[in-house]
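> Can you keep this structure in mind? I'll have questions shortly.
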Amino acid sequence: MPQSIRAGSGTRAAIFAPLDGAGRAELVLQRLTDAIVLGVLHDGERLPSEAELARQLGVATVTAREALEILRRNKLVHTKRGRDGGSFVTFAGRGATDLQDERLVAWSRVQVRDLGVHYSAIAGLAAELAADRASAADIENLERILDRADAGTADAARRGQGTFRLEVAALSQSARLVREELRLQAEFGSLLWLSLRDASRRERCQAVQRATVAALIAEDGARARQLTVTQIIESIEWLIEAKSLLELKGRSTMTDSTATVSTTAVLPTGAPA
C-alpha cells in the first residue's frame, strides 16, 4: 500500500464504505450525520442517489431512504426534484454542538470507555509501527501537514487531528490498521475529539503531535505509542466528565419549573456548552 494517503479522500471513502451489521437505518443515519457535522460532507454537497447510497453501504434501498428521510427531518439535508435534483447537505455548522452533546448523553460510560480502549489499541500500534517504517520523506510530509494545520477553532482542530492520525496510520504500512482508523474516524471521530472545543486542549493536541513526530524521527516506537495512548485516554476522561455535567444540566432543567439552568453556570471551562 502507499506509504502516505490523503486523509480527506480516505475519510470520504470510509463514509461510504460498506457497513458492518448492515440493514439498520440508524447505522446509515449516524455515519452520514457524523460526516456532515465533521465537515467531511460539505454544506451544499450533493449526496449519492438512494440506490447508489444503498449499493455503496451494502444496505437495502428502503434503508437508505429511511435514513435520508430522518436527515431531512433533522434539517441536515434537503431534497430537490427534477433533472438537477437530489439530496443536498444543508448544514453550515449551526446546531453541531447540540447534535454532538445529544449523542454523548445517549452513550453509556461503558461505551465511551470501550471506545477509548479500542481506539488507543489501534492508534497506538499504528504510531509504534510508523516509528520503525516511516521514511525521511514521510516525516517531512507529516511536518508539512502540521505546519499547515489550523487549531484556531474546534472544527479545524478536529479535522487536523483526523488528518494527522490517518497519516500516522498510513506510515504503519498496515492496510488493516489504516482501514480501522478510517472506520473509527468516520463513525466516532465527532465524539472522540470533543475535548478540542477547549483552546487549552487544542494547544495540548498540537504539542502531542509535535512530540509524536519527534518520536518517529528518533525511531522511538514506545514513545510514539505512549504519547498516542495517553492523549486518547485524556480525551476519554474529558468525555466522561462532560457527559456527567450534561446529564446534571438536563436533570436540573427538567426539575426547574421557573427557570432554565444556564449552561455556563454548570459546565466548567473546556466542557461542552
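> Counting only C-alpha contacts under 8 Å and six or more residues apart, can you give the relative contact order of the stretch 97-251 as a whole percent?
Relative contact order comes out at 38 percent.
> For the stretch 89-181, what number results from the quotient of the Cα radius of gyration and 2.2 N^0.38 Å?
Rounded to two decimals, the normalised Rg is 1.29.
> What is the sum of charges around Ala127, taking Lys and Arg as +1, Asp and Glu as -1, for the other residues whose C-beta is under 14 Å from the C-beta of Ala127?
The answer is -3.
> Starting from the Cα gyration tensor of the stretch 97-251, multiply each eigenvalue by 5, take the square root, and state the resulting semi-axes largest first in whole Å.
Semi-axes from the Cα gyration tensor: 28, 16, 13 Å.
> Compute the distance in nm between two label points, each set 7 Å from the Cα along the Cα-to-Cβ direction, one at Ala211 and one at Arg176.
3.0 nm
> For the pair Glu234/Asp114, report the inter-label distance in nm, with labels modelled 7 Å from Cα in the Cβ direction.
2.7 nm
> With each label point set 7 Å from Cα along the Cα-Cβ vector, what nm distance links Ala199 and Thr61?
My value for the distance between the label points is 5.2 nm.
> Hey, another quick one. To the nearest 20 Debye, how big is the dipole of the stretch 100-198 about its Cα centre, given +1 on the beta carbon of each Lys and Arg and -1 on that of each Asp and Glu? Show your work: numbers first, answer last.
Working: 13 positive and 16 negative charges, 57 e Å.
Dipole magnitude for the stretch 100-198 comes out near 280 debye.
Throughout, read-outs are computed from the coordinates displayed, never taken from laboratory work. Given the structure is predicted, the values throughout are model-derived calculations rather than measurements. Here Cβ is always computed from backbone atoms with ideal geometry, including for glycine, and neighbour counts include all displayed protein chains.
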